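**Student:** Mind looking over this structure? Questions follow.
The values are calculated or read from the model by the stated rules, or taken from the named source; none is laboratory data. From a predicted model like this one, the values you see are computed outputs, not experimental measurements. Here Cβ is always computed from backbone atoms with ideal geometry, including for glycine, and neighbour counts include all displayed protein chains. These accessible areas exclude ligands, DNA and RNA; they are computed on the full protein's heavy atoms, side chains included. Shrake-Rupley method; radii C 1.70, N 1.55, O 1.52, S 1.80 Å.
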Amino acid sequence: MSGQTALSSNATAPSRSQIDTVLRAILRDVLGLDEAQVEGFDGDTGLFGHLPELDSMAVAGLLTEMEDRLDIVIEDEDVDGEMLETYGGLLAFAEAKSVER
């Protein structure tokens, strides 16, 4: 994917702002969303079930990119509807996984 934004691997957990930047880039790249649309996302912005681009097939690509760019591991049991329901839920999930690494 062109213009990938990723976290650098270091010993400290990334900041919320860093994770937010990478997560927005992932959503743009994987779902092909417009930059202005993604920049307008807030914590309550609906994702799965609200964005036609984020269907069940796209979820796999989204999670794979999150693992690669955020340097995290997402187990099958980690994935549920709540984490994908809103942008805030996805960001909170990514933050929690980044602290675990």
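**Student:** Which condition does Arg101 not pass, out of (1) in contact (Cβ under 8 Å) with a residue 24 or more places away in the chain; (2) more than 15 Å from Ser15 (Cα to Cα); (3) out of contact with any helix residue (DSSP H, G or I) (no Cβ under 8 Å at 6 or more places or on another chain), if it passes all the others?
**Tutor:** Arg101 satisfies all of (1) in contact (Cβ under 8 Å) with a residue 24 or more places away in the chain; (2) more than 15 Å from Ser15 (Cα to Cα); (3) out of contact with any helix residue (DSSP H, G or I) (no Cβ under 8 Å at 6 or more places or on another chain) except (2).
**Student:** Looking only at region 7-28, filter to residues that are over 15 Å from the mean Cα position of the chain (by Cα) and of a type in the set (A, V, I, L, M); which one of those is modelled with the lowest pLDDT?
**Tutor:** Ala11
**Student:** Could you please give the count of residues in region 66-94 that are in contact with a Lys or Arg (Cβ under 7 Å, 6 or more places away or on another chain) and open to solvent by 60 Å² or more (accessible area, probe 1.4 Å)?
**Tutor:** Residues flagged as in contact with a Lys or Arg (Cβ under 7 Å, 6 or more places away or on another chain) and open to solvent by 60 Å² or more (accessible area, probe 1.4 Å) within region 66-94 amount to 1.
**Student:** Still on this structure, I have one more. Can you name the residue in region 29-65 that is within 25 Å of Ala13 (Cα to Cα) and open to solvent by 50 Å² or more (accessible area, probe 1.4 Å) and is also nearest to the chain's Cα centre (by Cα) among such residues?
**Tutor:** So, considering only residues that are within 25 Å of Ala13 (Cα to Cα) and open to solvent by 50 Å² or more (accessible area, probe 1.4 Å), the one nearest to the chain's Cα centre (by Cα) is Thr64.
**Student:** While we're looking at this one, here's another question. Can you tell me which condition Lys97 does not meet? The list is (1) open to solvent by less than 30 Å² (accessible area, probe 1.4 Å); (2) of a type outside the set (A, V, I, L, M); (3) over 12 Å from the mean Cα position of the chain (by Cα), and all the others hold.
**Tutor:** With (1) open to solvent by less than 30 Å² (accessible area, probe 1.4 Å); (2) of a type outside the set (A, V, I, L, M); (3) over 12 Å from the mean Cα position of the chain (by Cα) applied to Lys97, the lone miss is (3).
**Student:** Please go through region 52-85 and pick out each residue that is farther than 16 Å from Ile19 by Cβ and either in a loop (DSSP other than H, G, I, E, B) or among the aromatic types (Phe, Trp, Tyr) (or both).
**Tutor:** If the condition is that a residue be farther than 16 Å from Ile19 by Cβ and either in a loop (DSSP other than H, G, I, E, B) or among the aromatic types (Phe, Trp, Tyr) (or both), then Pro52, Glu53, Leu54, Asp55, Glu75, Val79, Asp80 are the ones that fit.
**Student:** Confirm whether Gly32 is at positive phi and at pLDDT below 95.
**Tutor:** no
**Student:** Continuing with this model, one more query. Please name all residue pairs, on different chains or six or more residues apart, with Cβ atoms under 6 Å, provided the first residue is in region 23-51 and is assigned to a loop (DSSP other than H, G, I, E, B) and the second residue is among the small types (Gly, Ala, Ser).
**Tutor:** Note: pairs meeting the criteria are Gly43/Gly88.
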